[in-house]
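J.: A single structure is presented below for examination.
The numbers here are math on the coordinates, done by the rules we state, and not lab data. Worth saying up front: this structure is predicted, and the values here are computed from it rather than measured. Here Cβ is always computed from backbone atoms with ideal geometry, including for glycine, and neighbour counts include all displayed protein chains.
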Amino acid sequence: MLRKNGGTKVRYIPPHYHNANADVESSHRLIEDEFYSRKPISSKEDFLTKASTYQFYFNFMRKK
């Protein structure tokens, strides 16, 4: 089920689909290790620039 929420779409995990949360947790762990733990962020603009660059890397360049 999708629901609009402030311009974003929220997708809920269906009942009895236990492995779905593991996929989310794995991606959060990768982002924590590869993005947040690397270099300090000095400003909002710095964060947005680094986040945009990392998002492109994560989605298109990173080996799976």
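J.: For the stretch 7-16, what does the Karplus curve 6.51 cos²θ - 1.76 cosθ + 1.60, with θ = phi - 60°, yield as ³J(HN,Hα) per residue in whole Hz, taken in order and with x for Gly and Pro?
T.: These are the phi-based 3J(HN,Hα) values: x, 10, 9, 10, 10, 7, 6, x, x, 6 Hz.
J.: Return the distance in nm (one decimal) between the two label points of a simple spin-label model at SER42 and THR8, each offset 7 Å from Cα along Cα→Cβ.
T.: With each label placed 7 Å out from Cα toward Cβ, I get 2.8 nm.
J.: Want the number for ASN21 to PHE58: 0.36 nm per residue separation, take away the alpha-carbon distance, what's left?
T.: That works out to 11.4 nm of additional length.
J.: Give me the tail of P(r) for the chain as a percent: Cα-Cα pairs with distance above 16 Å.
T.: Tail of P(r) above 16 Å: 62 percent of Cα pairs.
J.: If you don't mind, there's one more thing I want to ask. Under a cut-off of 12 Å between alpha-carbon atoms, report the aspartates and glutamates in cross-link reach of LYS50, not counting same-chain residues fewer than 8 places apart.
T.: The reachable aspartates and glutamates, counting only those whose Cα sits under 12 Å from LYS50, are GLU34.
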